[in-house]
Each structure stands twice: as C-alpha cells, then as structure tokens.
Amino acid sequence: MTLFRKAPTTDRMEDVPDDDSWRNWFDRHGPKLLLCARQWTRSLADAEDVVQEAFIRFWRHQRKLGGEPQALLITSLRRAAIDLARSNARRGAREELADGGLENTGPVFETPFEGDDRRQAIEDALRHLPAEQREVLTLKIWGELTFEQIAAQLGISPNTAASRYRYALGALRHVLTAADCHG
Amino acid sequence: MDNDLQELEAELKRLRPIAPSTFTVERIERALASRRRSFLAWAALPLAAALVGLIAFREKPGAARAVPGPLAPKSVATYKPVSADNVLYDRTDEGLVTLADGSTARRYRSSYVDTITWRDPRTQASLRWSVPRTEERVVPVRFQ
C-alpha cells in the first residue's frame, strides 16, 4: 500500500450548495475545521474565531470557484490563524503561529456511547505528539488532504509530510499499546 | 504501512471532532444574513436603473435595434483555482458600540488583500486576481 494514494475527498465544489443551506454544510465540515484550526491557535476560543472568519470568507467569495473546497477552506483557516497571531503580536506576543497544544482542558472528540476510555487515551496521546507531527496527522485524517496538499499548506515536501504522518501514527500506536498493557 | 497502523488510521477516522459552539454558528448566521441584506439593497439600484433605461428605449420612436456583433471565440483554457490567500494589513478596534436592539458590542475593522490564483493544468498558464477588502465585525459583548 502506498502512502501517496489520493485522499478520499467527501466533497467537491460542485457538491457545495448554491443556495443558502450553509448550515447543513457547516454541520458536516465545521467539526473537522475546528480541529484543524486548533492546531494553529492558542485556545479553543481563538480556534472558533478562526473557523468563523475562514468559513464566512469561503462562503461569500470562494465556494463557487471550482476545485476542492476542503483545501481552499484549510488555506483560509491557516491564513486567518496567521492574521490572528499577527494581531496578538501587536499586543506583545511573538508573531508566529501557535503550536496548537490542543489545550489540556476540554474534549477533542465527541464522546461515543461506549469506548470512552479509548477516546480519552487517544486524546492524551495526540496531545503528547510533537506539534509538527500532530499537525500533519490532523490535516490528513480529519482535514482529508493529500500529502501534496499538506506539503503545499505547510511549505514542506510531500515526502516530509508522509514521514511525519507515519511517525505520528507509530508514536500513537506505541503510546496506546503501552496504555493497554498497563490497563 | 503495516496492518496495525492501518487499523489505527481507520479508528482515528471514525472519531468525530467536537463541533463549533452554537455561539459561533449564530455569529456566522448573523454575518451571512447582514451581507445578504446589504447585497439586496445594492442590487436594487442597478436593476432600477436598467428598468428606467429599458422603458426610455422602448418609448423612443424609431429607435434602431442593436445588432449583435460576432460572437467571441470560446476560450478553451480551463483554469482551476490553486490557492486563495488573504493578507491582513490593518485591524482597528473601534471600541464599544450600541446595537439597534440596545445590546453592546465591540466593532473591529479589518483591511485585507484577497489573492486568488488559477492555473490551467494543461498549459501551466496562471492567472492571479487581487482585490482589497474591508471587513467590519461586530462581536457581542457579555458583561458578567
């Protein structure tokens, strides 16, 4: 199995509704976008602001452009996060994207009816991943981007993106297996 | 990638991230609704002007009908958007304002340059479009 297969995209531009039914579309994509935004912001509140700004921009100006909406939206998200970091920098903080620690409070995923311990273990393991690996993992799994698209977003090569993804999965498996062994 | 990693990958894909708060959804709804109202108001102006022009033309006796010119050749280039960048170059906090319903909000004015790039994958020709944009955001303030 090759790592460079085409990511299964759930939507293309032609699937974006022409009417005002943005709410259905946002219900489906909002959670994934929020998780991606949390990689580049310092708090959940900042991530929500970034999602709001990027989604409004996308819905008003970009949804009829053609191509894959997810990639455009994530570009918009990252740009909004950079803008927010710049805005914070004017108030004395450093001008750089946050490393998105996913914070230590609040859940990252919805709680399933069963297997909550497993979800918690996965969240803990994700929080302890190096930020650069977690970023690639999130963009691949929940952002549904290809390695080429991730590389373009982050300014790295597709091979580096694929390596970080594989390291991230390996590290997660290691931590989760250890957690299983220790109960 | 071995089977263990593929299983882990599938397990991660089944997890659904938490959704944005209802407060964020409401803010999006308000922003999109206000934009639609202002668009309708502005769209009415050229429509009215066109209607007046049409009536004047029809009432003018002996007015010659415009003869359509030769059709422009259809472009065979198929440009696809490859990137969309938005650069913020100014943001001003305009302070607290009182809305029509009496509630208090904080108003921010942001100035952007939006740049969208299209590329024809066949010829690699690219087209870049940049436009300045000013955005005004009103964020409700809650005093506790």
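Yes/no matrix, rows are residues, columns are (1) within 7 Å of another protein chain (Cβ to nearest Cβ); (2) farther than 20 Å from B:Ala31 by Cα; (3) open to solvent by less than 10 Å² (accessible area, probe 1.4 Å); (4) of a type outside the set (D, E, K, R):
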| position | (1), (2), (3), (4) |
| --- | --- |
| A:Asp49 | no, no, no, no |
| A:Gln52 | yes, no, no, yes |
| A:Trp59 | yes, no, no, yes |
| A:Lys64 | no, no, no, no |
| A:Glu68 | no, yes, no, no |
| A:Ser76 | yes, no, yes, yes |
| A:Asp83 | yes, no, yes, no |
| A:Ser87 | yes, yes, no, yes |
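Identify all residues within the stretch A:19-41 that are of a type in the set (S, T, N, Q) and either within 10 Å of chain B (Cβ to nearest Cβ) or surrounded by 22 or more Cβ atoms within 10 Å (Cβ to Cβ) (or both); write none if there are none.
Correct list: A:Gln39, A:Thr41.
Got a sec? Which of A:Glu132, A:Glu144 is in a helix (DSSP H, G or I), surrounded by fewer than 23 Cβ atoms within 10 Å (Cβ to Cβ) and of a type outside the set (A, V, I, L, M)?
A:Glu132
Could you please tell me which pairs satisfy a Cβ distance under 9 Å, a separation of 6+ or placement on different chains, a first residue in the stretch A:106-128 that is at negative phi and among the small types (Gly, Ala, Ser), and a second residue that is open to solvent by less than 50 Å² (accessible area, probe 1.4 Å) and modelled with pLDDT of 85 or more?
Hits for this filter: A:Ala121/A:Leu176; A:Ala125/A:Ala171; A:Ala125/A:Leu172; A:Ala125/A:Leu176.
Among what's in the stretch B:113-140 and is of a type in the set (Ser, Thr, Tyr) and surrounded by 11 or more Cβ atoms within 10 Å (Cβ to Cβ), pick the residue that is nearest to A:Ala54 (Cα to Cα).
B:Thr115
Which pairs do you get when a residue that is part of a helix (DSSP H, G or I), found in the stretch A:47-62, comes within reach of a residue that is surrounded by 20 or more Cβ atoms within 10 Å (Cβ to Cβ) and among the hydroxyl-bearing types (Ser, Thr, Tyr), reach meaning Cβ atoms under 6 angstrom, with the pair 6+ apart or on two chains?
Taking only residues 6 or more apart or on different chains, the pairs are A:Ala47/A:Thr41; A:Glu48/B:Thr24; A:Val50/A:Thr41; A:Gln52/B:Thr24; A:Ala54/A:Ser76; A:Arg57/A:Ser76; A:Phe58/A:Ser76.
Residues in the stretch A:128-143 that are more than 11 Å from A:Leu172 (Cβ to Cβ) and either away from every other protein chain (no Cβ under 13 Å) or hydrophobic (A, V, I, L, M, F, W, C) (or both): how many?
Number of matching residues: 7.
For the stretch A:159-183, give me each residue that is farther than 21 Å from A:Ala81 by Cβ and open to solvent by less than 50 Å² (accessible area, probe 1.4 Å).
Scanning the stretch A:159-183 gives A:Ala162, A:Ser163, A:Leu169, A:Gly170, A:Ala171, A:Leu172, A:Leu176, A:Ala178, A:Ala179.
Please determine whether any residue of the stretch A:90-99 is modelled with pLDDT under 85, more than 11 Å from chain B (Cβ to nearest Cβ) and surrounded by 16 or more Cβ atoms within 10 Å (Cβ to Cβ).
Scanning the stretch A:90-99, I find at least one residue that is modelled with pLDDT under 85, more than 11 Å from chain B (Cβ to nearest Cβ) and surrounded by 16 or more Cβ atoms within 10 Å (Cβ to Cβ), so the answer is yes.
Looking at the structure I just gave you, is A:Leu102 open to solvent by less than 30 Å² (accessible area, probe 1.4 Å), modelled with pLDDT of 85 or more and under 12 Å from the mean Cα position of the chain (by Cα)?
No.
The values are calculated or read from the model by the stated rules, or taken from the named source; none is laboratory data. Note that the structure is predicted; figures quoted are calculated from it, not measured. Note that each Cβ is placed from the backbone with ideal geometry, even for glycine, and that neighbours are counted across all protein chains shown. Please note that ligands, DNA and RNA were not included when accessible areas were found on the heavy atoms of the full protein model with its side chains. Shrake-Rupley method; radii C 1.70, N 1.55, O 1.52, S 1.80 Å.
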